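The values are calculated or read from the model by the stated rules, or taken from the named source; none is laboratory data. Just so we're clear, the structure is a prediction, and the values are computed from it rather than from any experiment. Cβ placement follows ideal geometry from the backbone for every residue including glycine, while neighbour counts extend to all protein chains displayed. Heavy atoms of the whole protein, side chains included, go into the accessibility calculation; ligands, DNA and RNA do not. Shrake-Rupley method; radii C 1.70, N 1.55, O 1.52, S 1.80 Å.
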Amino acid sequence: MIPFRVELVPGEPVYEQVVFAAKKAILAGRLQPGDAFPSVRLLAKAVKIHANTAQKVIAELVGEGLLEVRPGIGTVVTAGATISKRERGKLLHREVESLVVEALRLGMQREELLSAVEAGWHSLSNQVEV
Amino acid sequence: MIRTFDLTKRFGKTMALDRVNLDLPANSIFALAGPNGAGKSTLLHLLLNHFRSDGGQSEIAGVDSRKLSPKDLQKIGYVAESRHLPEWMQVAEFFRYTSQFYPNWQPDQLRDLIGLFRLPMEAKVSSLSRGKRMQVALAATLAYRPQVLLLDEPFQGLDVLVRDQVIESIVERSAESTVLLASHDLAEIESFATHFSYLSEGRLKFSGDICQLQSEFREVEVVLREAVEIEVPGHWMNYSIQGEYVRFTDSKYAGTDAIRERFQGVADITVRNLPLRAIFVEMAREGQKS
């Protein structure tokens with residue numbers, strides 16, 4: 001199995017969806033620096049995508065400096081892999097969107113939602129290692 | 001790996017295939033979609049020289065279909081529900097029997113597939129369910145590692161878990177083989193197919209790269225400041241207008257500015273990506289109109 005989950009949604013380029021999921025896993029620490037990243041074959045098989053697509057995903061992550069190629073071992077997560085501020089925002093875009101939609105559906109006010117987020121942030125930020 | 005040039009086939013007065021031109025890049029997974037009776041299966045039969053064409057040519061694994069030798073067929077796999085299996089044999093016997101015809105038979109590969117599909121080796125072929133039959137046929141085909149694989153409706157009537165296993169076995173081979181897959185199960189193929197073509201009444205209406213297709217098709221909703229009739233460009237499909245509200249599918253989307261330019265006074269534009277399935281429906285609807 002592979003160390004992250006990808007739920008493919010129809011309508012969006014598969015390649016982008018898998019890159020996105022992998023980035024999220026690296027940033028969330030589910031994949032630690034030095035951890036092996038799945039091979040093309042394994043990634044294709046696990047996510048059920050074409051081998052060429054899997055190849056492209058890995059090349060993209062290497063290109064962005066999140067993975068590095070270790071001859072004889074394969075690709076591993078780069079130490080200190082970071083993502084720009086803009087990219088970070090993009091990674092949570094979907095969650096933020098669904099949170100706002102849910103809040104609106106519940107008839108929440110903007111301030112209510114913000115303070116709920118604020119409270120969540122306070123209670124969790126000390127427990128979660130970043 | 002597979003090419004057709006103006007391939008044509010008539011059955012009586014019906015044009016089953018009308019000058020079809022296809023070109024499959026090596027290692028592609030090429031989905032051939034279209035309604036029942038569109039000519040998908042006929043195309044596969046012509047490629048394999050099961051029928052003679054009435055015009056044009058086709059090529060598979062580098063050979064003219066009409067000149068396929070048994071040796072060429074060892075490089076080609078074909079799985080279809082209509083395909084005959086020896087009903088009286090046990091599954092294990094069937095594999096042993098099939099292996100004799102293929103010098104490239106890979107016992108390891110077969111063992112993996114038997115495990116993946118959980119095939120009942122002792123059961124008789126005649127006692128198998130639809131899904132298991134498909135998997136037995138597919139395992140017997142993948143075991144000789146064909147360079148070209150033709151699949152006719154491989155997901156029809158399969159439950160979700162079995163489908164997943166079938167897809168897994170196909171993508172496993174994707175780096176080394178070219179796959180032509182006739183299916184109307186678009187939701188299934190979107191994630192792993194590289195190319196998509198749409199056949200309707202024997203004619204190829206569309207053929208291309210899936211990534212490109214996804215980037216070019218958008219569902220567009222426009223709210224106008226005031227209702228106005230405009231000249232609708234050919235690449236806007238299923239155009240409808242109700243008062244100030246306009247809806248269509250852009251098949252050559254190039255940003256909202258290009259859309260804005262067509263109208264006088266746009267209040268709002270919403271653009272959405274379309275799943276392959278929805279693109280297919282739009283194409284079918286547009287096809288019915290003409």
Residue B:81 vs (1) open to solvent by 80 Å² or more (accessible area, probe 1.4 Å); (2) out of contact with any helix residue (DSSP H, G or I) (no Cβ under 8 Å at 6 or more places or on another chain): all pass except (2)
Residues that are surrounded by fewer than 15 Cβ atoms within 10 Å (Cβ to Cβ), under 28 Å from residue B:190 (Cα atoms) and of a type in the set (Gly, Ala, Ser): does the stretch A:41-58 have at least one? no
Give me the pairs, please: first residue somewhere in the stretch A:81-95 and closer than 15 Å to residue A:25 by Cβ, second residue anywhere and part of a loop (DSSP other than H, G, I, E, B) and not hydroxyl-bearing (Ser, Thr, Tyr), beta-carbon distance under 6 Å, and either six or more positions apart or on two chains. A:81/A:66
Restricted to the stretch B:129-145, and to residues that are of a type outside the set (A, V, I, L, M, F, W, C) and more than 15 Å from residue B:73 (Cβ to Cβ), which residue is most open to solvent (accessible area, probe 1.4 Å)? B:130
Give the residue that is modelled with the lowest pLDDT, with candidates limited to residues of the stretch B:183-198 that are part of a helix (DSSP H, G or I) and open to solvent by 10 Å² or more (accessible area, probe 1.4 Å). B:187
Restricting attention to the stretch B:1-38, report how many residues are outside any strand (DSSP E or B) and open to solvent by less than 10 Å² (accessible area, probe 1.4 Å). 3
Subset of the stretch B:82-115 [more than 21 Å from residue B:173 (Cα to Cα), in contact (Cβ under 8 Å) with a residue 24 or more places away in the chain and not aromatic (Phe, Trp, Tyr)]: B:82, B:83, B:85, B:86, B:87, B:89, B:90, B:91, B:92
Residue under question is residue B:218, and the condition is that it be at pLDDT 90 or above, basic (Lys, Arg), farther than 23 Å from residue B:26 by Cα and touching a Ser or Thr at 6+ places or on another chain (Cβ under 8 Å); does it hold? yes
Would you mention how many residues in the stretch A:10-60 are more than 8 Å from chain B (Cβ to nearest Cβ) and assigned to a loop (DSSP other than H, G, I, E, B)? 11
Kindly indicate whether any position in the stretch B:58-68 is open to solvent by less than 30 Å² (accessible area, probe 1.4 Å), in a helix (DSSP H, G or I), within 28 Å of residue B:36 (Cα to Cα) and within 14 Å of chain A (Cβ to nearest Cβ). no
